[in-house]
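To keep things clear, I will list the structure first and then write my remarks on it.
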Amino acid sequence: MKDDGMVLNNAGQVLCMTGNELGIIENGAVRVRDGRIAEVADHNLKPEPDEKEIDCQGCVVMPGFIDPHTHLVFMGWRAHEFEMRLSGKTYKEIAEAGGGILSSVRTTRQASEDELFQSGMERIKEMISWGTTTVEIKSGYGLDTETELKMLRAIKRISKNAPVTVVPTFLGAHSVPKGSARDMTEFRPRNSDRVPSPQVRKEAYLRLLIDEMIPRVAEEKLARFCDVFCENFIFNADDSRRILEAGKKYGLVPKIHADEIESSGGAEIAAEVGAVSAAHLLRPSDQGLKAMAQAGVVAELLPGTCFFLKEDAKSPVKKMRDYGVTMALATDFNPGSSTLVCQPMTVVLGCLVYGMTIIEALRGITVNAAKALRLENEIGTLEPGKWADIVGTDLPDYRHLAYRVCHNPARLVIRHGKAVFR
Ligand code: NIG
Ligand code: FE
């Protein structure tokens with residue numbers, strides 16, 4: 001069925017996001033046909049008889065926001081841990097005491113696929129209402145084959161039912177689970193009750209990831225990317241290389257959480273394995289950043305996480321700018337380290353916490369976020385032929401997106417040519 005088209009007229013600024021800045025067209029208009037952008041003009045367009053005309057009232061029109069890094073499918077919030085952090089405990093201490101990711105693993109294992117789907121849909125709706133039209137979602141609160149697949153199936157159902165583009169990522173390597181079936185049988189010496197050492201447990205889990213989970217995920221075509229939480233005390237650089245190379249053999253493109261808590265060689269691994277993106281990067285080495293620039297790995301900056309965890313680190317932005325690393329911005333939405341759902345707030349924090357320019361931050365949630373998902377030929381800019389994923393705002397000027405804290409700018413959200421939020 002052919003979609004009827006529309007023209008968006010009287011846009012004070014159309015931010016095409018082409019070139020190296022914002023590609024602004026003052027007093028412009030956009031024509032949409034069959035879900036795609038048909039025309040972008042510097043004057044109002046005459047609607048065809050079957051096209052709707054929308055009056056943008058002199059405000060900013062720009063690409064739909066892209067959130068290239070979230071953990072939005074999970075069961076169970078962790079407000080009690082937030083309270084513990086406020087009274088002085090660190091994220092790492094809470095995790096080491098069995099909280100953190102492993103506490104979400106316990107609750108997510110108990111949830112049904114349907115419960116994960118329903119709660120995910122609610123969170124997605126909230127994101128759409130803030131202008132997001134594409135969202136990446138990771139597994140990683142299962143840490144056993146059954147629950148990882150259950151999460152990815154829930155993500156697939158969300159992708160079929162929610163009016164957004166969902167990009168699924170397998171993050172089985174989010175943490176080492178407590179006592180998996182395997183380490184209890186294969187690795188426990190006969191006639192011994194000794195609990196396996198952390199090293200033995202990790203090796204058992206790596207084998208489960210590589211020999212069983214990755215092949216199953218690929219077989220069911222449940223993910224596009226394979227991610228790993230690379231930190232010296234979780235999956236170190238060598239472990240990360242093994243996991244990401246194994247994913248590549250099954251067609252899963254590598255992504256990585258790198259150098260957040262400690263400098264762990266994650267940026268170097270990202271470049272070495274040809275990852276599409278590396279996230280966090282609060283403590284990357286200079287060499288790692290240079291290698292990323294050379295290999296074209298996109299940095300996914302997560303200033304909401306830095307803010308929410310009160311992370312004590314220098315902003316990586318100046319170095320990235322100097323070395324020519326492409327910067328994207330994401331919410332990292334999850335129950336432990338960032339409860340942020342809205343990309344406009346990521347823009348505010350990118351500027352105020354990380355010292356990005358407004359132009360860098362706006363590119364970070366559009367064209368560069370598309371690159372972090374290898375979708376730059378489809379979305380992220382307003383150009384003829386791309387998907388018509390568009391946010392019509394109430395902002396008189398692009399600067400307001402960074403300047404107005406907690407203001408929701410989305411008046412009209414269009415995805416593939418259809419209004420999905422008004
Ligand atoms: O990106 N860094 C690893 N994973 C998440 C945290 C997940 C959690 O605490 O549940 C992150 O910050
Ligand atoms: Fe993350």
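Using a 1.4 Å probe on the protein chains only, how many percent of the accessible area of the chain belongs to carbon and sulfur?
50 percent
Work out, step by step, the length gained on full extension between R399 and V195: first 0.36 nm times the residue separation, then minus their alpha carbon distance; give nm to one decimal.
Residue separation times 0.36 nm, minus the Cα-Cα distance, leaves 67.7 nm.
Students often forget the sequence filter, so: which aspartates and glutamates lie under 20 Å Cα-Cα from K150 once same-chain residues fewer than 8 apart are removed?
List returned: E113, D114, E115, E122, E136, D211, E212, E219, E220, D227.
With the crude spin-label approximation of a point 7 Å out along Cα→Cβ, what separation in nm comes out for D238 versus E383?
About 4.4 nm separates the two model spin labels.
If I model a spin label at A419 and E122 as a point 7 Å from the Cα along the Cα→Cβ vector, what separation in nanometres do I get?
2.7 nm
When the Karplus curve 6.51 cos²θ - 1.76 cosθ + 1.60 is applied with θ = phi - 60°, which whole-Hz ³J(HN,Hα) does each residue of segment 410-422 get, with x for Gly and Pro?
7, 9, 9, 10, 10, 10, 6, x, 10, 5, 10, 7, 10
Scattering from the C-alpha atoms of segment 339-422 alone, worked out with Debye: what is log10 I(q)/I(0) at q = 0.18 1/Å?
Taken in order of the listed q values, log10 I(q)/I(0) reads -0.83.
Among all the aspartates and glutamates, which ones have a C-alpha under 16 Å from K92's C-alpha, if same-chain residues fewer than 8 places away are not counted?
Partners found: E81, E83, E231, D259, E260, E262, E311, D312.
Relative contact order (percent) for the chain, with alpha-carbon contacts under 8 angstrom and 6 or more residues of separation?
It comes to 20 percent, rounded to a whole number.
Which residues' amide hydrogens lie under 5 Å from the amide hydrogen of G172, considering only partners 5 or more residues apart or on another chain, with H built in the peptide plane?
D227
Taking every pair of alpha-carbon atoms in the chain, what share in percent sits in each 10 Å bin, from 0 to the bin with the longest distance?
5, 23, 31, 24, 11, 4, 1, 0, 0
Between E83 and E48, what is 0.36 nm times their sequence separation minus the Cα-Cα distance? Round to one decimal in nm.
Gain on extension, E83 to E48, equals 6.9 nm.
About the Cα centre of the chain, how large is the charge dipole given +1 on each Lys and Arg Cβ and -1 on each Asp and Glu Cβ? Please answer in debye to the nearest 20.
640 debye
Considering only DSSP beta bridges with both partners in the chain, what is the antiparallel share in %, to the nearest 5?
Looking only at bridges with both residues in the chain, the antiparallel portion is about 45 percent.
Taking the Cβ of A370 as the centre, find all other residues whose Cβ is under 13 Å away and add up their charges (Lys, Arg: +1; Asp, Glu: -1).
-3
Between beta-carbons, use under 12 Å as the cut-off and find the net charge around K156, counting Lys and Arg +1, Asp and Glu -1.
+4
Starting from 0.36 nm per residue, how many nanometres of slack lie between A41 and I359 once their C-alpha separation is accounted for?
Taking A41 through I359 to full extension adds about 112.3 nm, to one decimal.
If you count only protein heavy atoms with a 1.4 Å probe, what accessible area per residue comes out for segment 1-121, rounded to a whole Å²?
47 Å²
Please compute the net charge surrounding K89, taking Lys and Arg as +1 and Asp and Glu as -1 over other residues with Cβ under 13 Å from its Cβ.
0
Using the alpha-carbon centroid of each, what span in Å lies between segment 20-91 and segment 134-162?
Here the answer is 23 Å between Cα centres.
List the aspartates and glutamates whose Cα lies under 16 Å from the Cα of K318, skipping any in the same chain that are fewer than 8 positions away.
Filter leaves D286, E300, E360.
Which entries of K156/K178; K156/K418; K319/K418; K160/K319; K221/K310 have Cα-Cα distances beyond 29 Å here?
Over 29 Å apart, Cα to Cα: K319/K418; K160/K319; K221/K310.
The values are calculated or read from the model by the stated rules, or taken from the named source; none is laboratory data. Computed from a predicted structure; not experimentally measured. Counting neighbours? That spans all protein chains shown, and the Cβs are built from the backbone with ideal geometry, glycine included. Accessible surface is based on the protein model in full, side chains and every heavy atom, while ligands, DNA and RNA are left aside. Shrake-Rupley method; radii C 1.70, N 1.55, O 1.52, S 1.80 Å.
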